[in-house]
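The values are calculated or read from the model by the stated rules, or taken from the named source; none is laboratory data. Please read these numbers as outputs of a predicted model, since none were measured by experiment. Positions of Cβ are backbone-derived with ideal geometry, glycine not excepted, and every protein chain shown enters the neighbour counts.
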Amino acid sequence: MGTHFYRPDEGHRLPHDPFNAIVGPRPIGWVSTLSADGVRNVAPYSFFNAFNYTPPIVGFSSTGYKHSVRNIAETREFTWNLVTRRQAEAMNATAATVGAEVDEFELAGLTGEPSTEVRPDRVAGAPVTFECRLTQQIRLTDRHGVDLDAWMSLGEVVAVHIDEDLLVDGVYDTARAEPVLRGGGPTTYFAVSADQRFHMVRPA
């Protein structure tokens, strides 16, 4: 077998861009925001991750200046909600392209729960929620310094809600939550399960 080589500038010559599949599975940023006019928005972002430990900082990148990005710019607040297999279909429903006046909680049949430190609602039923305040919002550029239609929002986690069922002897059990992760291709997702667990001790 050989190696498939390509330069992204010239195209990948494959049926689907492999970049998303290689960098994966990726946690989903199920981001809840509130517009300046008080309209609730919740949307999934597969370019999401944690970026700092103390203080905890999470962030997501949006292709296009979407409602979530605008709302965060206006209010400087958002929540991240863990997507599990049980809510995967509801998460997918919130990916619909709709007008800014649409309450996407209602659209997806979701119930919102009041947050403690920020104004956007949490997603009821999500076993983990991070309440976040904006630290930076960055327009991405290419290697030539040309602005892209892509925006990264970073937020400091100021409050955390965890379903106690996910704490085993005080340790958060990742597999017990059955988080849903984005994979490659247009329709592929993965769920983490306990049979995939293994242990390693990091060197001193």
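Give region 163-204 a look and list any residue that's closer than 16 Å to VAL23 by Cα and of a type in the set (Asp, Glu), or say none.
Listed by number, the list is empty, since nothing qualifies.
How many residues, within region 94-114, are surrounded by 13 or more Cβ atoms within 10 Å (Cβ to Cβ) and either among the acidic types (Asp, Glu) or outside any loop (DSSP other than H, G, I, E, B) (or both)?
Total satisfying the criteria: 6.
Could you say whether any residue in region 74-93 is closer than 22 Å to GLY155 by Cα, among the acidic types (Asp, Glu) and more than 16 Å from the chain's Cα centre (by Cα)?
yes
Give region 173-183 a look and list any residue that's closer than 22 Å to HIS199 by Cβ and either hydrophobic (A, V, I, L, M, F, W, C) or out of contact with any helix residue (DSSP H, G or I) (no Cβ under 6 Å at 6 or more places or on another chain) (or both), or say none.
Listed by number, the residues that qualify are THR174, ALA175, ALA177, PRO179, LEU181.
Could you tell me how many of the residues in region 115-156 are surrounded by 14 or more Cβ atoms within 10 Å (Cβ to Cβ), of a type in the set (D, E, K, R) and part of a strand (DSSP E or B)?
Residues that pass the stated criteria total 4.
Among (1) in a strand (DSSP E or B); (2) without any contact (Cβ under 8 Å) to a residue 12 or more places away in the chain, where does HIS161 come up short?
(2)
Given ASP163, ASP173, which one is at pLDDT 95 or above and surrounded by 10 or more Cβ atoms within 10 Å (Cβ to Cβ)?
Numbers: ASP173 fails: at pLDDT 95 or above.
Answer to the selection: ASP163.
Under the condition of being out of contact with any His (no Cβ under 7 Å at 6 or more places or on another chain) and hydroxyl-bearing (Ser, Thr, Tyr), which residue from region 1-32 is modelled with the lowest pLDDT?
Looking only at region 1-32, we keep the residues that are out of contact with any His (no Cβ under 7 Å at 6 or more places or on another chain), and these are 1-5, 7-17, 19-32.
With the extra rule that they be hydroxyl-bearing (Ser, Thr, Tyr), the set shrinks to 3, 32.
Values: THR3: 94, SER32: 98.
Once the filter is applied, the top-ranked residue is THR3.
Could you list all residues from region 139-161 that are of a type in the set (A, V, I, L, M) and in contact with a Leu (Cβ under 9 Å, 6 or more places away or on another chain)?
LEU140, LEU148, ALA150, MET152, LEU154
Does region 85-101 include one or more residues that are more than 26 Å from LEU148 (Cα to Cα), in contact with a helix residue (DSSP H, G or I) (Cβ under 8 Å, 6 or more places away or on another chain) and modelled with pLDDT of 95 or more?
Yes: one or more hits.
Can you pull out the residues in region 131-154 that are in contact (Cβ under 8 Å) with a residue 12 or more places away in the chain and polar (S, T, N, Q)?
THR135, GLN136, GLN137, SER153
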